[in-house]
Each structure stands twice: as C-alpha cells, then as structure tokens.
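Scroll down for the structure; my scribbles are underneath it.
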Amino acid sequence: PKTAQLVTGDTTREVPAASLSVGQTVLVRPGDRIPADGEITDGTSGVDESPVTGESVPKTRGPGDAVFAGAINTEAALRVKVTKGPEDNTIARIIRLVEEAEEARAPTERFIDRFSRWYMPAIVAVAALVVLVPPLAFGQPWDTWVYRGLALLLIGCPCALVISVPASIASAMSTGARRGLLMKGGAVIEAAAKVDVVTFDKTGTLTHGRPQVTDVVPFGATTEAELLAVAAGVEMGSSHPLAIAILNKAKDAGVAALSSQDAKALMGKGVVATVGGAPAWVASPRYAMEHGGLEGLGLRQATIFEEDGKTAVAVFREKTPLGLIAMRDEPRADAKDAVRQLTAMGVTSVILTGDNPRTASAIAGSLGLKFEADMLPEDKLAYIREIGSKGGVMMIGDGINDAPALKQASVGVAMGSGTDVALETADAAILRDRVTDIPATIRLSRAAMANIRQNVTIALGLKAVFLVTSVFGLTGLWIAILADTGATVLVTLNALRLLRFNPERES
C-alpha cells in the first residue's frame, strides 16, 4: 500500500507507507493491506498472506505474531509495530531477488548467446555463397539464386533459438513466484535441476524452529529460578530459537533475567556473557565438558535427554556447573512427506546439525533420512564442498550459521522465516516455510530444463529442415518467412506451458 494509518497517542493519521520507521505503530483496518513488516501488538484477525507467500488459506494472527508487508487483514482491526523499514521489508527483498534473477543468466542461455554470435555470420556467409557461386561458377540465373539466398537468410534468423531459453526461464520463475518459490534466475534453475543430494539444517528447517523447554535440572544448591535467571541473562537479546525458548520459560515462571554485558555467540557451540561480574555460558554439553562446566552425573543426564530426542544445554558460571535445560523441537508436519518425495525423485536427503548424534539420530530416524551431527558452520561448509565435488547439492537453511554452507552449495535455499543473512546469501527462498516446497522447486527446475531442451530441438530442427529445402529451391521466400515466424511462435507457446505446470503434483 502507498499509505498507512500511523498511531500517535489516541489518534491515527494517514502517512506515506515509505515514511514508516522501525518502532512506530500502525492501525490496519479489515480489508487493508499491511503497510510494513511488523509484529502485532493488539488484536486478532485472519491475515491473507497469498500476495506474498502464495498460501491461499488466511492464517489467524494475534499479539506477538509477525506479519508481512503486502498481506491483507481480513477480519478485525490490528495494531502492528513496525520491525523493518520500507527498504528491508519482505516486498523489498522479493524485488531485490527478482532484480538479481534478471542478472543471473543460465549457462545454457549464455551458451545460446555465444552460439548465436558465430551462427549468424555463418548463415550470412553461406547465403552469400549460395547467391554467388552457382551464377559465377556454373552460369546459373542470378534471380533464382538471389531468391534462394534471401530465403536462406530468412530461415536462418536465430530469433526462435535466442528466445527459446529466456522464455522458458521466465515462465518457470513466474510459476515458482506464484507459489512462494523464488529463484534468482536461470543459473539457479539449471543448477537445481541437476541436484542429487539435498542437505537440511535441522532447527527451523525440518523442525518448526520453536522449541519448548521440557526439563530444568539445577545442580547442587542452585535453584531452578537461579538457573533460569542466569540462562535468561546470557540469552537476553538473542534471536536463536533455543534462546527464545529459555527466555519464554523464564517469563512463564516469573523469573527476571539477570543483567548481562558483552554477550557473544560461539558459532554452533553456545553463548557467553558477563553475568554478575563473572563469565557465564549457555552451551552444548560437549562444549561444557571441554571447558569444565559439565561432568559425571550431569553428563549422564544430558545423554538421557539427547537419547529422548531433546536438545540439552549446560549452564555454567566460570567453571561451576549450575544445571541443564532440555528442549524439544518437533518436526514439521510435512517434513516426512518431503523426504519421501525427494527419495522418489532419486534425491538423497541428509540432516546437517550442530546437535549431538543421539538427538540427530532420533529426528533423522523419525523422518527416514541420513544425518551428520556435531557440525559447526565450518564442518557444514567442508561437507558441502566434499559432496559438491561429486554432483549437484542443495543446502536448505534459515540461520546465520547456515550462510557459509548456503553459499558453497550448488543451490542454497533459505526458508522464508530465516534470518536476513541466510536470505541474502541463498540462491532461492521458500516463502511458505513448507518442506514439501523443496521437492516442488526441484520438480519445477527439471520441468523448465526439459522445456528448454524441447525448445532448442524445435528451433534447430525446423531451421535445419528448411535450410536444406531453401538451398534446393523446394521452399520459397514466403514459406521461409512462415517457417521462421512459426518456429518463434512454437517455442514461445511451448515455454508458456510452464505457466500451467503444478510443481506440487507428484509425477
């Protein structure tokens, strides 16, 4: 929308949507489009996100839920706190993705362009020979061979060939965008069609990314409230799903987080901050064990949690263990079906996770795929590099720690709810947060490449036939014109078939 209803005190006033800044609150009336990415502070309503994600069923959104710019409020008035400026909202990101897509050309398209650069001069040279050689060398009539040379020039025009690839790419990208599958151009489509291994991050990708605390186990004289206060203090301000789970648990228990300073993320290992003048950690049991923050009974308890498919974190200050917090993040409802579809398509699925092998095994076993556990960002990068040397690999992730692997993979795909870093690094984005959209993306890419091969065959096949018949005088100038135009129309119509392709339908 071009305008927004800005809330100031007890009144509202209409302002340009482009002037909204982070922290301001807007009123969204029923039937209005949401003017900015934000968080609902008051009201509950159905929100139609189809203009952004392609999801046709409105979602019920209430206080604390995130909403996208461009989505439509369908039922009741909402107050939305702006969380992203107009230059960084979902619509702006989609526009940037489309602009990048226009610049990223498929290898096949670049080959066709290179081919056309020598193809047309070759056609002109052959036409010149057809016009000159028979009259000069064999005394043939000039008008006959000039006519045939002109027919050859017409039929040799590379219009159909040049348009065959971009028409298919544009149709495939349009089909994907309508279903919330954004790809940055033809190069991504071509790479996705060749994928034979798909690697998933676990948290927020195969799972909902909203873990819940299931167990709080304090050690020694430490109370549950003290354990939560320290853990919440360390995690304060973090957007990691495990951090949010701990902060929510502390809030529900009525425990105030201790003040902290100098918080620092330990990539793939945990978080450290200064709490009460001393360093405190919320970290993986493995990291805690290596740094003296977990041993004996505590280590055995962490193992039990992990064997149950839970993620355990150790809380310790300096080298004094304070306790364990266990969380569980349930797999998405469609994750198992997505893995089944990928397997049916001949694609191998693997989980790459920083979780321990026991937790990873529990999740992988329930979904029916392979796993690699205890992986730091650099480990994921090395794994992607290794299997990428053997064939096409697609990486699916949503966090900052996934960014290096997303960049290294043949195709990096970010889930739409992921961090900005993941979305900017990735080659494609899944806006609807549905795991089944991964096989749909590969299916669409394979259909696009098959369509391109058909178009190139049609263009070259027709030209080859009519080039020969033109030289031998079997087809005249008007037939050559019709053949050239017909080839262009045929490849365009064939490319437009992709607009009706449903990538969600299993073949």
Could you compute the FRET efficiency for L136 and L496, with r as their C-beta to C-beta distance and R0 at 51 Å, rounded to 0.05?
-> 0.65
Pairwise label distance in nanometres, K370 with T457, each label 7 Å out on the Cα-Cβ vector = 3.3
Computed D for the range 196-239, Stokes-Einstein, Kirkwood radius over alpha-carbon pairs, 20 °C, 1.002 mPa s, to the nearest µm² per second, is 161
Per residue, how much space in cubic angstrom lies within the convex hull of the C-alpha atoms of the range 3-88?
-> 80
Select from the range 442-500 those chymotrypsin sites (Phe, Trp or Tyr not before Pro) which occupy a DSSP coil region and have at most 12 other Cβ atoms within 10 Å, ordered by residue number.
-> F472
Let me know the Kirkwood hydrodynamic radius for the chain, please, with Cα pairs as the basis and the value in Å to one decimal.
-> 26.2
Treat each spin label as a single point 7 Å out from the Cα along the C-beta direction, and report the D252 to D337 distance in nm.
-> 2.8
With r defined as the distance between the Cβ atoms of E224 and D42 and R0 fixed at 35 Å, what FRET efficiency is calculated, to the nearest 0.05?
-> 0.60
Taking the alpha-carbon centroid of each part, what is the distance from the range 299-316 to the range 341-356 in angstrom?
-> 24
Please give the length that would be gained between K319 and E75 if that part of the chain were fully extended, namely 0.36 nm times their separation in residues minus their C-alpha to C-alpha distance (nm, one decimal).
-> 82.4 nm
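I want the local charge near A338. Using Cβ-Cβ distances under 13 Å, sum +1 for each Lys or Arg and -1 for each Asp or Glu among the other residues.
Net local charge, A338 excluded: 0.
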Determine one quarter of the surface area of the Cα convex hull of the range 196-348, which equals its mean projected area, and express it in nm² to one decimal.
-> 9.8
Rounded to the nearest 0.05, what FRET efficiency is calculated for D65 and L266 with R0 set to 30 Å and r the Cβ-Cβ distance?
-> 0.50
The range 202-291, convex hull of Cα, quarter of hull surface, nm² -> 6.2
Kindly give Rg over Rh for the range 111-265, based on alpha-carbon atoms, with the Kirkwood expression for the hydrodynamic radius.
-> 1.51
Lysine pairs in the range 212-328 with alpha-carbon atoms under 20 Å apart, 8 or more places apart or on different chains: how many are there?
-> 4
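Taking a quarter of the surface of the Cα convex hull of the range 263-422, what do you get in nm²?
So the mean shadow area of the Cα hull is 10.1 nm².
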List the extent of the Cα atoms of the range 288-339 along each of their three principal axes, largest first, rounded to whole Å.
-> 44, 18, 16
Treat the range 432-488 as a sphere of radius equal to its Kirkwood radius over Cα pairs and apply Stokes-Einstein at 37 °C in a medium of 0.692 mPa s; give the translational diffusion coefficient in µm²/s, rounded to a whole number.
-> 238
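None of the figures in this text is laboratory data; all of them are computed from the coordinates on show. Computed from a predicted structure; not experimentally measured. When we count neighbours, we look across all protein chains shown, and the Cβ atoms used for this are built from the backbone with ideal geometry, even at glycine.
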